[in-house]
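Structure record follows, encoded as structure tokens.
The values are calculated or read from the model by the stated rules, or taken from the named source; none is laboratory data. Please read all numbers here as calculations on a predicted model, not as lab measurements. Here the Cβ positions follow ideal geometry from the backbone for every residue, glycine too, while neighbour counts run over all protein chains shown. We work out accessible area using only protein heavy atoms, side chains counted, and drop any ligands, DNA or RNA first. Shrake-Rupley method; radii C 1.70, N 1.55, O 1.52, S 1.80 Å.
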Amino acid sequence: MNTTLMSVTGLLVLALLLLISAADRRAKAQNRRIARLERRIDLLSAHTGLQEPDDPAHAEIDELLGQGKKIQAIKRHRELTGSDLVEAKTAVERRMR
């Protein structure tokens, strides 16, 4: 390979890495913002006494929690809602309160 082609390839790789890094920083900032908003909603819900409406499908989750099976409850929540692990864990921990 000639030097010019290697230089161009190197610059393209560097540019790609910079784009990926910028996108990652934006995603992390968005995730932090969403987490802050969720904490605020949790505080407001606790202060006002609001609870999520009871869904019959969640009775199984409550039963698992009553048996001390938090991990199985999180797994079941994910199956029922299609949420990711963090969302399911947060929702199950909210139900534990």
Next on the checklist: How large is the accessible surface of K89 in square angstrom, using a 1.4 angstrom probe and rounding to the nearest 10?
Outcome noted: 90 Å²
Checklist entry - Between E87 and A35, what length in nm is gained on full extension when 0.36 nm per residue of separation is reduced by their alpha carbon distance? => result 17.7 nm
Checklist entry - Assuming R0 = 25 Å, what is the FRET efficiency of Q72 and D24, from their Cβ-Cβ distance, to the nearest 0.05? => result 0.15
Checklist entry - In straight Cα distance, which aspartates and glutamates are under 18 Å from K28, not counting same-chain residues fewer than 8 positions off? => result E38, D84, E87
Checklist entry - Put +1 on the Cβ of every Lys and Arg and -1 on every Asp and Glu Cβ in region 1-77; which of S7, H58, T48 then has its Cα farthest towards the positive end of the dipole? => result S7
Checklist outcome for this item: On the formula 1/(1 + (r/R0)^6), with r taken between the Cβ atoms of L80 and V8 and R0 of 41 Å, the FRET efficiency rounded to 0.05 is 0.20
Next on the checklist: Taking only Cα atoms of the chain, what ratio of Rg to Rh do you get with Rh as the Kirkwood inverse-distance radius?
Outcome noted: 1.30
Checklist entry - How high is the relative contact order of the chain, in percent, with contacts defined as C-alpha pairs under 8 Å that are six or more residues apart? => result 15 percent
Checklist outcome for this item: Accessible-area order for R78, R95, R39, largest to smallest, probe 1.4 angstrom, reads R39, R78, R95
Next on the checklist: Is there a quick way to get the dipole size of the chain? I mean about its Cα centre, with the Cβ of Lys and Arg at +1 and of Asp and Glu at -1; what is the value in debye to the nearest 20?
Outcome noted: 520 debye
